[in-house]
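Accompanying notes for the structure given below.
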């Protein structure tokens, strides 16, 4: 993959009627009901760029959880944001969305689509039970490099692991919970879990969509996605999931701005304590 500069990811200002965005555009909350929580990335994703979110708040009493995916539809072109990503957005076409279930096993391999058909797989509905994908020529084999343990490899895409794994809030049992996140033992729908979506080019004009849960690749959940049009991330804050925030991922060497942010974060107990610092509001949002 060609290296690309880090960009500050935000949610698109066009979203479901029950969604409220934070001032920075990086936190989305469903304020009522259980639906109309569909959100999009503000900008199209680049090949290999992960749109990573963390579940910040849940709401008991609802059945169902977060849904994520990709769409080739520009949010600005929608007459109205669909009430549901599944099936409403999928039914519009050019969208591939999956429901994150309590069982975070990798995607079951479906029968291959005949090449003569020239058709991409339809949009999915849920991540199902199954084992890891069998290698077909070593496409998913992790290279033996110095960065092997510090990065997640999906084909030729390399993603730093440090931001992919959820972390608990500081407390007496933080070390135990952090270990559960690292081993991906907790349900992916648990609070503080981190879920990301990206696409990996497979040909000149096609790609596979991958969903990453707490640092583990779930496999190619949708194949043959056309890349002739820009692809936006889709996050549906549905039912038991109430609030999510974007986690910024850095792919190269950290900038001076990022190093300063890390220095601030290192000396506080929780990011909300940044509100107490005598800093400009824009800088506080960036540090969070």
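Can you tell me which of (1) in contact (Cβ under 8 Å) with a residue 40 or more places away in the chain; (2) more than 23 Å from residue 154 (Cα to Cα); (3) not in a loop (DSSP other than H, G, I, E, B) is the one residue 90 doesn't meet?
(1)
Please pick out the residue among 37, 48, 61 that is buried (at least 17 other Cβ atoms within 10 Å of the Cβ) and farther than 17 Å from residue 212 by Cα.
Result of the check over 37, 48, 61: 37.
Here's the yes/no breakdown for (1) assigned by TED's automatic domain parsing to the domain that holds residue 165; (2) at pLDDT below 95; (3) assigned to a loop (DSSP other than H, G, I, E, B):
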position: 62; (1), (2), (3): yes, yes, yes
position: 76; (1), (2), (3): yes, no, no
position: 86; (1), (2), (3): yes, no, no
position: 101; (1), (2), (3): yes, yes, yes
position: 108; (1), (2), (3): yes, yes, yes
position: 113; (1), (2), (3): yes, yes, yes
position: 116; (1), (2), (3): yes, yes, no
position: 134; (1), (2), (3): yes, yes, yes
position: 138; (1), (2), (3): yes, yes, yes
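Taking the options 97, 81, name whichever one is in a strand (DSSP E or B), in the same structural domain as residue 204 (by TED's automatic domain parsing) and in contact with a strand residue (DSSP E or B) (Cβ under 7 Å, 6 or more places away or on another chain). Show your work before the answer.
Numbers: 81 fails: in a strand (DSSP E or B).
Only one candidate passes the filter, namely 97.
I'm told residue 23 meets every condition in (1) over 18 Å from residue 95 (Cα atoms); (2) modelled with pLDDT of 95 or more; (3) in contact with a helix residue (DSSP H, G or I) (Cβ under 7 Å, 6 or more places away or on another chain) except one. Can you identify the failing condition by its number?
(2)
Quick check, is residue 164 part of a loop (DSSP other than H, G, I, E, B), out of contact with any helix residue (DSSP H, G or I) (no Cβ under 7 Å at 6 or more places or on another chain) and surrounded by 15 or more Cβ atoms within 10 Å (Cβ to Cβ)?
Spelling it out, residue 164 is indeed part of a loop (DSSP other than H, G, I, E, B), out of contact with any helix residue (DSSP H, G or I) (no Cβ under 7 Å at 6 or more places or on another chain) and surrounded by 15 or more Cβ atoms within 10 Å (Cβ to Cβ).
Tell me whether segment 242-253 contains one or more residues that are more than 19 Å from residue 42 (Cα to Cα) and part of a strand (DSSP E or B). Reasoning before the result, please.
Filtering segment 242-253 for residues more than 19 Å from residue 42 (Cα to Cα) gives 242, 251-253.
Among the residues that remain, those that are also part of a strand (DSSP E or B) are: 242.
For segment 242-253, residues more than 19 Å from residue 42 (Cα to Cα) and part of a strand (DSSP E or B): present.
Examine segment 202-214 for a residue that is more than 27 Å from residue 228 (Cβ to Cβ), modelled with pLDDT under 95 and assigned by TED's automatic domain parsing to the domain that holds residue 99, and state whether such a residue exists.
There is at least one residue in segment 202-214 that is more than 27 Å from residue 228 (Cβ to Cβ), modelled with pLDDT under 95 and assigned by TED's automatic domain parsing to the domain that holds residue 99.
The values are calculated or read from the model by the stated rules, or taken from the named source; none is laboratory data. As the structure is a prediction and not an experimental result, all values here were calculated from the model. Positions of Cβ are generated from backbone atoms using ideal geometry, with glycine treated the same way; all protein chains shown enter the neighbour counts.
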